[in-house]
Amino acid sequence: MRAICQGQILAARRVLALLDLRSHFPVLERTAYLNAGTCGPLPRAARTALDDVYSLAESEGRRYPYWERSLALHDRLRTAYAAILGAAPDDVALTTSTSEGVVRVVAGLELGRGDEILTSDEEHPGLLGPLVAARERHGVTIRSAPLAELASAVGPATKLVACSHVGWQRGDLAPSFASLPEDVPVLLDGAQGAGAVPVDVAALGCAFYAAAGQKWLCGPTGTGMLYVAPAWQDRLPAIGPTYLSFVEPHGPIDTWELRPGARRHDTPTLGAELTAPAVAALDLLGAYGWDAIHTRARELASALAAMLRASGRTVAPRDETTLVTFEVDDPPAAVERLSAAGVAVRDLPGTPWLRASVGAWNTEDDLERLLGALT
Ligand SMILES: Cc1ncc(COP(=O)(O)O)c(C=O)c1O
């Protein structure tokens, strides 16, 4: 009884501490926005940061201060992403998307005929595209198995396991890969992981973790990250390095050296127009505390799953994540209907499902609005 009370008190404190988080996101004023799995709500601070970048560029021209500021923002963004992943900043590359991170790993490993990539049977096209390209161009074999069974499905030809950390359709979690041989790297697609659930890349046992800045981290589209474990940094050639991938891209080219750690995998151009809003969003969320954000979002998501079940809906099997997927009769029509009622969710093409993405910025009222608009 005492334990229940303490748990309730802690939950209430969390709700109170996060109460005004919502006020930073203009879209939440009108909409029950349950779509961060596609793109997170943009905070006002991101727009202000973007305006500042443009003001400086307009008034001063894009000269040295603009450039210096851009480089400083790279460091800040890398450090903030690294904290989200439980990694060292040197082990994190800045990318434009989850997909780009996946491309850099799959193409970089230079797999060929006779090599197999093991994946799951419910992956997002952002992961599958680069695998298909490796098959078409280099004759790599792709084999799939259910996400939960992947660790035991590894075979003698498996040279890479590539799968979601959190499944995009049902919010299920990847299994532990601790038992895998060291020379079989795991690439986790963390598009629905980073910012949504706690991530600890070392505990996950992955060699690579690719994730997005525009979803659960509420940054602009065109931001993302790729973690490369120290043990794999020398074994993953950089795909298409450009001059910024080098430590000192000046002087005789015989002396040029690729940057150490994961930085050599940085995307060539990531302007302050993207990095400043991304950093502003991360600063805002970080100020509320990631533990509180993760806990609140997952509590609300479980509450939504329970409410849907109680109303007689079939909820797809899920883990303790921020995605809640449930059956409706005509998913595209339901998305339209809900949108007209001020509720943003998405359908999952080819399935009977709608997916609600629940963040710490949502409230029980948002969930009630979804339920109400469904009936
Ligand atoms: C699991 C998963 N992987 C990859 C992607 C593609 O993400 P990005 O646009 O960051 O490449 C998504 C987007 O929804 C996703 O949910």
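In the range 242-272, what residues are among the hydroxyl-bearing types (S, T, Y) and either under 22 Å from Y66 (Cβ atoms) or under 20 Å from the mean Cα position of the chain (by Cα) (or both)?
Looking only at the range 242-272, we keep the residues that are among the hydroxyl-bearing types (S, T, Y), and these are 242-243, 245, 255, 267, 269.
Residues satisfying the conditions are T242, Y243, S245, T267, T269.
Take the range 46-71 and flag every residue that is of a type outside the set (K, R) and surrounded by 14 or more Cβ atoms within 10 Å (Cβ to Cβ).
A46, A49, L50, D52, V53, L56, A57, Y66, S70
What is the number of the single condition among (1) assigned by TED's automatic domain parsing to the domain that holds G222; (2) modelled with pLDDT of 95 or more that P331 does not meet?
Against the list (1) assigned by TED's automatic domain parsing to the domain that holds G222; (2) modelled with pLDDT of 95 or more, P331 comes up short only on (1).
Just checking, how many residues over the range 340-367 are touching a helix residue (DSSP H, G or I) at 6+ places or on another chain (Cβ under 9 Å) and free of Cβ contacts under 8 Å to residues at least 60 places away in the same chain?
Matching residues across the range 340-367 total 6.
Of the residues that make up the range 127-134, is at least one β-branched (V, I, T) and either touching a residue at least 60 places away in the same chain (Cβ under 8 Å) or within 16 Å of the ligand (Cβ to nearest atom) (or both)? I'd like the intermediate steps shown before the answer.
Looking only at the range 127-134, we keep the residues that are β-branched (V, I, T), and these are 132.
Pick out the ones that are also either touching a residue at least 60 places away in the same chain (Cβ under 8 Å) or within 16 Å of the ligand (Cβ to nearest atom) (or both) and you get 132.
Within the range 127-134, one or more residues are β-branched (V, I, T) and either touching a residue at least 60 places away in the same chain (Cβ under 8 Å) or within 16 Å of the ligand (Cβ to nearest atom) (or both).
Please state which one of A272, A238 is aliphatic (A, V, I, L, M), closer than 30 Å to R44 by Cα and modelled with pLDDT of 95 or more. Quick ask: steps written out before the conclusion?
Details: A238 fails: closer than 30 Å to R44 by Cα.
Checking each option against the conditions leaves just A272.
Can you confirm whether L111 is under 14 Å from the mean Cα position of the chain (by Cα), farther than 30 Å from P352 by Cα and of a type outside the set (D, E)?
no
The values are calculated or read from the model by the stated rules, or taken from the named source; none is laboratory data. Because the structure is predicted, anything quoted here is derived from the model rather than measured. Cβ sites come from the backbone with ideal geometry, for glycine too, and all protein chains shown count toward neighbours.
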